[in-house]
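Dropping a structure here in structure tokens format, bear with me for questions.
The values are calculated or read from the model by the stated rules, or taken from the named source; none is laboratory data. Since the model is a prediction, treat every value here as computed from it, not as a measurement. Here Cβ is always computed from backbone atoms with ideal geometry, including for glycine, and neighbour counts include all displayed protein chains. For accessibility, only protein heavy atoms count, side chains too; no ligands or nucleic acids. Shrake-Rupley method; radii C 1.70, N 1.55, O 1.52, S 1.80 Å.
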Amino acid sequence: MSATPDLLVVGAGPAGVSAALWAATLGLCTTVIEAGASPGGQLHHIHFRPLNLAGSAPGDGPAIAAALADQLRANAIETRCGVTAAALEPAAPAVRTASGERIAARAVLIATGVRRRRLDVPGERKLEGRGVSFSATQDRARFAGEDVMVAGGGDAAYENALILAEAGCRVTLVVRGRPRARREFRDRVAAVPAIDVLEATRITAISGDDRLRAVRLDGPRGAFELPAAGLVIKVGVIPNAEWLAGALERDPEGYVPVDEHCGTSQPRVWAAGEVTHPPLAGLAVAIGHGALAAAAIRTALRGE
Ligand SMILES: Cc1cc2nc3c(=O)[nH]c(=O)nc-3n(C[C@H](O)[C@H](O)[C@H](O)COP(=O)(O)OP(=O)(O)OC[C@H]3O[C@@H](n4cnc5c(N)ncnc54)[C@H](O)[C@@H]3O)c2cc1C
């Protein structure tokens with residue numbers, strides 16, 4: 001690795017890559033570390049061409065992720081994949097990696113995004129990819145015509161139930177409390193006879209050997225089991241920010257609050273993208289946020 005870089009970007013999702021590209025054009029020597037095997041973040045889960053991204057996306061999420069990796073290479077930005085940040089030393093600033101390495105920089109940008117929330121019930125991890133799914137779009141062909149379930153009460157859960165019903169599935173939508181989905185989604189679901197909504201009901205276990213066979217539930221009728229060939233889990237996301245505990249201010253949900261210049265509670269640490277809980281989650285917002293952060297960091301470093 002080169003001598004102390006101006007900027008260490010943690011996370012090579014759209015926000016981190018955008019920040020690194022802007023930092024390079026602003027003349028900052030930048031290193032990117034990424035826990036995953038390649039840049040892209042959540043793009044690796046988008047199995048369609050995003051319709052709301054301005055410009056001509058090269059294809060689905062993985063295709064855009066590959067384009068981001070190409071851009072990092074083309075700009076000779078040092079990018080180290082398979083390196084997980086485990087702790088932040090905010091005053092230095094520096095990042096300790098999971099393997100014990102210490103990476104110092106003049107500024108650190110946190111762009112670690114979010115990950116999908118799991119149910120954390122028995123059988124969930126064992127049957128992932130064998131009936132347990134996180135995307136109806138990805139798995140609708142596999143589930144077509146079957147009895148399936150969707151877990152969650154927000155827009156994404158309702159939308160996934162509609163996608164599966166369109167694929168000819170009989171869908172049970174399991175909502176833990178009261179639905180949070182917008183009225184338009186609830187009305188559309190209510191109009192589809194193939195979707196049954198169970199409110200105030202929790203999934204307590206998922207069973208099956210080689211593949212998912214049944215889901216155990218607990219609701220107003222007590223505990224019971226329903227057979228199912230698939231379960232799509234849409235219960236929200238969690239910020240990848242646990243590693244910042246004690247080093248940086250976080251909100252009650254674990255997100256990193258930032259000011260309009262992406263500044264955090266520590267003067268040499270900035271944050272961008274979904275880890276900051278922007279009012280709208282999306283590629284355009286993450287990319288724009290990364291650019292704003294890079295410009296703010298450039299201004300701060302120039303004053304030193
Ligand atoms: C199924 C799905 C469909 C979507 N569809 C759309 C769409 O149509 N249009 C749209 O605009 N948006 C869509 N999005 C949302 C979009 O993908 C996100 O808004 C965007 O990826 C957020 O970018 P980010 O850089 O903030 O975070 P992320 O994409 O989450 O990237 C964060 C990166 O940080 C890395 N990381 C995490 N922790 C560490 C650590 N400790 N050390 C090092 N690296 C770490 C992660 O591995 C990841 O690569 C979709 C998302 C999903 C899941």
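Which residues, taken from segment 214-250, are of a type in the set (Lys, Arg) and within 23 Å of the chain's Cα centre (by Cα)?
Those that are of a type in the set (Lys, Arg) and within 23 Å of the chain's Cα centre (by Cα): Lys234, Arg250.
Restricting attention to segment 126-140, and to residues there that are modelled with pLDDT of 95 or more and assigned to a loop (DSSP other than H, G, I, E, B), which single residue is most open to solvent (accessible area, probe 1.4 Å)?
Lys126
Of everything in segment 39-89, what is modelled with pLDDT of 95 or more, at positive phi, within 13 Å of the ligand (Cβ to nearest atom) and open to solvent by 50 Å² or more (accessible area, probe 1.4 Å)? Give them in sequence order.
Listed by number, the list holds a single entry, Gly82.
Right, here's the next one. Could you list, in sequence order, all residues of segment 98-116 that are under 24 Å from Ala300 (Cβ atoms), surrounded by fewer than 21 Cβ atoms within 10 Å (Cβ to Cβ) and not aliphatic (A, V, I, L, M)?
Selection gives Arg102, Arg106.
Moving to a separate point now. Taking segment 141-186 on its own, how many of its residues are assigned to a loop (DSSP other than H, G, I, E, B), closer than 17 Å to Leu226 by Cβ and charged (D, E, K, R)?
2
Do we have any residue at all in segment 234-246 that's away from the ligand (no atom under 16 Å from the Cβ) and either open to solvent by 50 Å² or more (accessible area, probe 1.4 Å) or not small (Gly, Ala, Ser) (or both)?
Scanning segment 234-246 turns up no residue that is away from the ligand (no atom under 16 Å from the Cβ) and either open to solvent by 50 Å² or more (accessible area, probe 1.4 Å) or not small (Gly, Ala, Ser) (or both).
Per-residue answers, yes or no, for (1) in contact (Cβ under 8 Å) with a residue 12 or more places away in the chain; (2) touching a Leu at 6+ places or on another chain (Cβ under 9 Å); (3) among the small types (Gly, Ala, Ser):
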{"site": "Ile110", "(1), (2), (3)": "yes, yes, no"}
{"site": "Ala151", "(1), (2), (3)": "yes, yes, yes"}
{"site": "Asp155", "(1), (2), (3)": "yes, no, no"}
{"site": "Ala161", "(1), (2), (3)": "yes, yes, yes"}
{"site": "Asp196", "(1), (2), (3)": "yes, yes, no"}
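Scan segment 180-192 residue by residue and report those that are closer than 20 Å to Pro220 by Cβ and out of contact with any helix residue (DSSP H, G or I) (no Cβ under 6 Å at 6 or more places or on another chain).
Across segment 180-192, the qualifying residues are Arg180, Arg186, Ala190.
Taking Pro252, is it open to solvent by 50 Å² or more (accessible area, probe 1.4 Å), part of a loop (DSSP other than H, G, I, E, B) and within 20 Å of Asp6 (Cβ to Cβ)?
no
Considering every residue within segment 10-33, establish whether at least one is more than 9 Å from the ligand (Cβ to nearest atom), among the aromatic types (Phe, Trp, Tyr), open to solvent by 50 Å² or more (accessible area, probe 1.4 Å) and within 23 Å of the chain's Cα centre (by Cα).
Within segment 10-33 (the criterion being more than 9 Å from the ligand (Cβ to nearest atom), among the aromatic types (Phe, Trp, Tyr), open to solvent by 50 Å² or more (accessible area, probe 1.4 Å) and within 23 Å of the chain's Cα centre (by Cα)), the answer is yes, since at least one residue qualifies.
Here's something else I'd like to know. Which condition number in (1) open to solvent by less than 40 Å² (accessible area, probe 1.4 Å); (2) within 24 Å of Ala144 (Cβ to Cβ); (3) not in a loop (DSSP other than H, G, I, E, B) is the one that Ala205 fails?
The single condition Ala205 does not satisfy is (2).
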